[in-house]
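So the structure is just underneath, and the comments pick up after that.
The values are calculated or read from the model by the stated rules, or taken from the named source; none is laboratory data. Because the structure is predicted, anything quoted here is derived from the model rather than measured. Don't worry about glycine lacking a Cβ; one is built from the backbone with ideal geometry, like all the others, and counts go over all protein chains shown. Please note that ligands, DNA and RNA were not included when accessible areas were found on the heavy atoms of the full protein model with its side chains. Shrake-Rupley method; radii C 1.70, N 1.55, O 1.52, S 1.80 Å.
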Amino acid sequence: MVTGTHASNRRAYDSVSPISVISAAALQRTGQVNLADSLVRMDPSITAQQVGKGGASLVSSIRMRGLSPNEVLVLVDGKRRHNSATISISSGTERGSSGVDLNMIPASAIDHIEILRDGAAAMYGSDAIAGVVNIVLKKRVTGFQGSVQTGANAYNGDGWQTQVNLGGGIAFGNSGYFRIDGQYMHTDHMEPRTYDVGSTKYNFPSDINHINSTPEETRGNIGISFGGDLATNVHGYGSVTYAHRHDEQFQNYRYPNSLPTLYPNGYSPIETNDENDFNASLGIKVDDLLGFNWDFSTTYGEDISQIDTINTANIDLYELTGSTPTHMNDTKYSFSQWTNNIDLRRNFKIGNVVPMTLAMGAEQRLDMYQLWAGEPASYVDGGAQGYSGLMPSNAGKWDRDIWAAYIDGDFHLTPKWELDFAGRFEHYTDGTGNNETGKVSTRYNFNKRIAIRGTISNGFEAPTLLQEHFSSTNVGPTSATGLLSPTSAGGEYLGGQHLKAERSTSVEGGVVLEPIDRFHISADVYQIDIRDRIYVGSSTYGEDAVKAIGLSGASLASTVLASNVSAITFANVGTTRTQGLDIRADYVWRSPRFGTFRPSLALSLNRTRLRHNNTDQNGNPYLNQQTTSFLTTASPRSKIILELNWNLGKWDATIRQTRYGQTTTMMTYEDQAVGTCNGQALAFSNSCWLQFHNTPAWLTDLEIGYRPTEMIHVAVGANDIFNVRPRKVPLSVNYRGASPYDLNSSGISYMGGYYYARVDVKM
């Protein structure tokens, strides 16, 4: 284990902070073709949006302890991984986030993953509020490995997924290695066949709107790791990952009266994404130079996406000119990050009595973000249906430098007592300013069976360049929404202000037990206070929204009603407090007759509450009941994972029971709602919402494997074998009968059971 410590030869069980280590074999046994989904099934503190929306539907970022993806730091071999260029702008728990897209890292190249569930900004900098995920790549693994997996939704017969992994490595000399891994994945659309039209005013087949289907995706990944001795006490290392993705996501169905001369039967616009993701890291380690071990490294990463809309139209442009493109380029955007590090470490004894590890270092990071405007037809006169293109006024190029320095002292005051101090300073050149963080951790071992540990720390999450500068307008047949930069003319009209960094204070304490050999138990309680959380403020509706969008340079289609127009901007919305409990237990029991059994239990209890609701410069509160629910109750209140892994001879099996606790969201009353609220129609009310509870549910996963030869392993399995789905929502919040589930909950998926088969080869 290397995460959360600068000491060497440390086991996760001995850590001063709660850490889980997940092997590549355990990830594969989940049966998932996406890395983020595998982590969700292995660690109860991790959740993810099960079905994404809009441009962020394919970004597989994770949430930890119910917090935002932006508050989880992702490392690859201990080096900061660049974030996605895609920002989530749809309503829900992840709005405003642009976390690391884990699926752009080939799973076949991963040796293991270390998950630190503790604030670690003092060690790693911005984003490490909820915790850290460190992905460790394979290095001196030689020979050839490959696998093929395919499967589908057993109840719909759709959503076929195919994944192929190939990899091989060679070792040379005493420490040299070179390894290359490739991955191909394709998945078809998958959608629940459970629409509820519920009204005769919609005269179309109940399955014609595919808005709730998962995207169709084709993805190719490659990963390379290499290293070796360059001279005596000098070791070079590096890694490269590259991924290309093409995906297509259905938007809401447009009725035949929308554009009858061009689409007499109506149409469903499709948003497409062509994405390229690249990351390269090079480093040199020098042993015993001036008494220290040195690590010099440089890492560059970039994510680029081109967004198009097909099967679409610009309705106003067609009425004015008699023609409209049906395939439009809406925008292109990129985010890149260049990070340079110098890290020093030295072990010595204070007064020849107290062992100590002293670590220090410096970091320089350059963040770069760019937005390109779409073709004119995608944004003029109301723009493209489905996804209106970015205008020249939205386009731009921004960058900032970050300078940081840290120091860390790990003291073993006695053979049983360890004390760790860490401090870090970061300076941002874009107005975010300076951030100082510190951390104090301690652990005391009463004996080899019982230990206690605790941490107090503060942290921060700097506003991303995307949150500061992204803006767009999404235009529907009769409605429009605008997300405006907080510092733009339209954003300032809405009360927007320059974003400040989120600042956190974390306290954690726990106990670690080993009652008998090979039986480990840990229990940790924690509290995380976050000030100035970044999210969207409350929406502005009507003529004020139309004016704000107009100040940003957009024009709305003539069919759009002012009452159906809303505008928002990112803001530091308030203060939240997250409290929780994590329990882990695992045991290994070996029997010559019955095989090896590895039972485990993992439990996460979590609660977030709003402590203060900030106001904009006009005195209006940023959060309403609905957006508050997205921040506080849309993540499962609890999550339990019970797993049993067994192997005997050529046979192996894994069964997993996962319980997702309750989620609660305040849902918008949609078109089928009747009645009034506060003197206005209940449908699309911006002051009254339906409180909807997704009740707890158990999901069962099962995989059975057989090894006919030493080189071949065959497995069949099912995820959610009993096809458990969340509760269906009432018709009053079911948009046009095509949204029977709560899309803003980060609990279980409504796609139901998935069955698969896999063949693994190792030579």
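At-a-glance table
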{"item": "Residues located in region 298-345, provided they are small (Gly, Ala, Ser) and touching a Lys or Arg at 6+ places or on another chain (Cβ under 8 Å)", "result": "Gly301, Ser305"}
{"item": "Yes/no for Gly580 being under 21 Å from the mean Cα position of the chain (by Cα) and over 17 Å from Thr487 (Cα atoms)", "result": "yes"}
{"item": "Restricting region 547-565 to residues that are of a type in the set (A, V, I, L, M, F, W, C) and open to solvent by 50 Å² or more (accessible area, probe 1.4 Å), the residue that is nearest to Tyr379 (Cα to Cα)", "result": "Leu551"}
{"item": "Qualifying residue in region 279-301 (condition: in contact with a strand residue (DSSP E or B) (Cβ under 6 Å, 6 or more places away or on another chain), under 15 Å from His246 (Cβ atoms) and modelled with pLDDT of 95 or more)", "result": "no"}
{"item": "Residues (surrounded by 15 or more Cβ atoms within 10 Å (Cβ to Cβ) and either in a strand (DSSP E or B) or more than 28 Å from the chain's Cα centre (by Cα) (or both)) located in region 622-652", "result": "Ser638, Lys639, Ile640, Ile641, Leu642, Glu643, Asn645, Trp646, Asn647, Asp652"}
{"item": "Positions within region 366-386 being touching a Gly at 6+ places or on another chain (Cβ under 8 Å) and within 30 Å of Trp338 (Cβ to Cβ), in sequence order", "result": "Gln370, Leu371, Ala373, Gly374"}
{"item": "Test for Leu494: is it over 30 Å from Glu436 (Cα atoms), open to solvent by 40 Å² or more (accessible area, probe 1.4 Å) and either within 30 Å of the chain's Cα centre (by Cα) or not acidic (Asp, Glu) (or both)", "result": "no"}
{"item": "Residues being within 15 Å of the chain's Cα centre (by Cα) and either at pLDDT below 80 or β-branched (Val, Ile, Thr) (or both) - total across region 1-48", "result": "3"}
{"item": "Given (1) open to solvent by 50 Å² or more (accessible area, probe 1.4 Å); (2) assigned to a strand (DSSP E or B); (3) small (Gly, Ala, Ser), index of the condition Ala404 fails", "result": "(1)"}
{"item": "Any hit, region 327-338, residues being in a helix (DSSP H, G or I) and surrounded by 19 or more Cβ atoms within 10 Å (Cβ to Cβ)", "result": "no"}
{"item": "Elements of type strands (runs of 3 or more DSSP E) in region 664-763, at least 2 residues being farther than 25 Å from Asn624 by Cβ, modelled with pLDDT of 95 or more and open to solvent by less than 20 Å² (accessible area, probe 1.4 Å)", "result": "697-706, 712-719, 754-762"}
{"item": "Residue identified as hydrophobic (A, V, I, L, M, F, W, C), in contact (Cβ under 8 Å) with a residue 24 or more places away in the chain and over 30 Å from Val440 (Cβ atoms) among Ile530, Ile568", "result": "Ile568"}
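Per-residue answers, yes or no, for (1) under 30 Å from Thr663 (Cα atoms); (2) open to solvent by 10 Å² or more (accessible area, probe 1.4 Å):
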{"position": "Ile113", "(1), (2)": "yes, no"}
{"position": "Ala122", "(1), (2)": "no, no"}
{"position": "Gly125", "(1), (2)": "no, no"}
{"position": "Asn134", "(1), (2)": "yes, no"}
{"position": "Val148", "(1), (2)": "no, yes"}
{"position": "Asn153", "(1), (2)": "yes, no"}
{"position": "Thr162", "(1), (2)": "no, yes"}
{"position": "Tyr177", "(1), (2)": "no, yes"}
{"position": "Ile180", "(1), (2)": "no, yes"}
